[in-house]
Amino acid sequence: MEKHGVYIGPRLRRLRRDLGLTQANMAADLEISPSYIALMERNQRPVTAELLLRLAKTYKIDLSAFSDDSGRDTIVRLQSIVRDPILSDIDFGSLEISDVANSFPGFAEALLRLHLAYKEAQFALADLNQRTSSDDTESVTDPAAAVRNFLSARRNCFPTLDAAAEKLAIRIAEAGGLVSFLMQRHNLRVRRMPPDVMTGSLRRLDWHRKDVLLSETLDAGSQNFQLAQQIAYLEFDQDIQSTLAEGTLTSDNALRLGHRALSAYCAAALLMPYAVFARAVDARGYDIEALARQFGTSFEQTAHRMTTLQKPGQERVPFFFIRVDPAGNVSKRLNSGTFPFARHGGGCPLWTVHQVFQTPRRVVTQWLELPDGQRFFSIARTVSSGGGGYGRLQVERAVALVCEAHHAERLVYARNHASHEAPTPIGIGCRLCHRGECPARSEPPIGRQILADNFRRTDTPFGFSDA
């Protein structure tokens, strides 16, 4: 019988721990020895069909819980981290990675957790290096920066939340949509109310009256997103808490911001389920406006969702996302690629994300080149929030998606832009950019000696000595 069994050690151990059982407890329940439980958890013995049925009957679980290919998922995740530059001089064979994932699942999980901790520490160090004063205590405890580090270390992708959202999205569709689901599942009625009744809220849950109240100022896409986010708070709180517990967020503010970010992630995953959205992205060549119409979402929500398509084994184009206002203030950064602006920067005036305010709602594309020769492709457009009625303040911002140049051929936006077109030379920021000939420079770079202009005034804001 054993030869027909399956090796599911890590999943069996996870089930036992989730149930709060010791190996001796589980052995007694299944009428086998504790040593046999230990052997199965270490993948030194298979779990037979008879034992699988006994597990399902004893603990009232669905056998499908054991059918996912977690071993393959671990292999793909390990393959991803061994490509980290810090490990580039070590030759990892595919068989070695497979052996570690299948024979030493505990070690593999420990390695994956350590790599996540390392990435978060790297991002925190990058933030430290950007501070201009040693007593900048606000930066040290900046909860927004901590959440950015948390998201960046995971490439803004959370497969567990995506999987849960995909299942719930099917149930929502069967119920007849978001409004019907809230009524059938939670006995909550959706009502749209005027701004004076909402008193500064876009969405409010009134448990006493069993209402979800939405502001009438929201457009259709924003209403859908707010309802999806409310469902995320109701349905995914435990999943979100477990995901946050894997990180290093410590302050209450960071945890609250992290919870909000992950609830928004779940909302997007409900409206744009991973597998369905990924197929649509391929079919439409990453056409953001077409995808937004298909899924009933906004341009920004759709662009944001594109940055999350990095599920191991099902990756799509890795994007960097940024949102800025007309004054150049950055209000959002998300990264699933390698664009250096992901940590700091985004203020180069030569980048069209700062110029699209002159052509509202029009998509503007651009080839970019950084000082080190790296080339990227940028898609930028304005988006707006607020408004929704006469006299109500509307805020205009610009968003941009950026990918490495070699991915651009997969985008509909690059089909009329040959890759050999001259790129626009940009920099992360004037203090970090050493392009001496840049006419748009606002301040000199670190480490360059400025020339006096007693005898010559250059045609750029600053002249630099060769010394």
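The values are calculated or read from the model by the stated rules, or taken from the named source; none is laboratory data. Just so it is clear, the structure is predicted and the values come from calculations on it, not from any experiment. Positions of Cβ are backbone-derived with ideal geometry, glycine not excepted, and every protein chain shown enters the neighbour counts.
A compact table of results
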item: Unmet requirement for Tyr286, which otherwise passes all of (1) crowded, with 16+ Cβ neighbours inside 10 Å; (2) of a type in the set (Ser, Thr, Tyr); (3) at negative phi; result: (3)
item: Hey, Gly373 touching a residue at least 24 places away in the same chain (Cβ under 8 Å), among the small types (Gly, Ala, Ser) and more than 19 Å from Met306 (Cα to Cα) or not; result: no
item: Lys332 vs. criteria in the same structural domain as Arg415 (by TED's automatic domain parsing), under 16 Å from the mean Cα position of the chain (by Cα) and either within 19 Å of Arg397 (Cβ to Cβ) or not hydrophobic (A, V, I, L, M, F, W, C) (or both); result: yes
item: Of all residues making up the stretch 334-391, the number that are part of a loop (DSSP other than H, G, I, E, B), at pLDDT below 85 and not acidic (Asp, Glu); result: 16
item: Evaluation of Ala254 against (1) closer than 26 Å to Ala153 by Cβ; (2) outside any helix (DSSP H, G or I); (3) in contact with a Pro (Cβ under 8 Å, 6 or more places away or on another chain) (one fails), failing number; result: (2)
item: Of all residues making up the stretch 369-394, the number that are of a type outside the set (Phe, Trp, Tyr) and under 23 Å from Thr302 (Cα atoms); result: 12
item: Tally of residues being in contact with a helix residue (DSSP H, G or I) (Cβ under 7 Å, 6 or more places away or on another chain) and either exposed (fewer than 14 other Cβ atoms within 10 Å of the Cβ) or in the same structural domain as Arg13 (by TED's automatic domain parsing) (or both) across the stretch 93-121; result: 1
item: Residue within the stretch 292-311 that is aromatic (Phe, Trp, Tyr) and either at pLDDT below 95 or under 30 Å from Thr352 (Cα atoms) (or both) present; result: yes
item: Given (1) in a helix (DSSP H, G or I); (2) under 16 Å from the mean Cα position of the chain (by Cα); (3) modelled with pLDDT of 90 or more, index of the condition Cys157 fails; result: (1)
item: Failed criterion for Val317 (all others in (1) assigned to a strand (DSSP E or B); (2) aliphatic (A, V, I, L, M); (3) within 15 Å of the chain's Cα centre (by Cα) hold); result: (1)
item: Check on Arg204, touching a Leu at 6+ places or on another chain (Cβ under 7 Å) and basic (Lys, Arg); result: yes
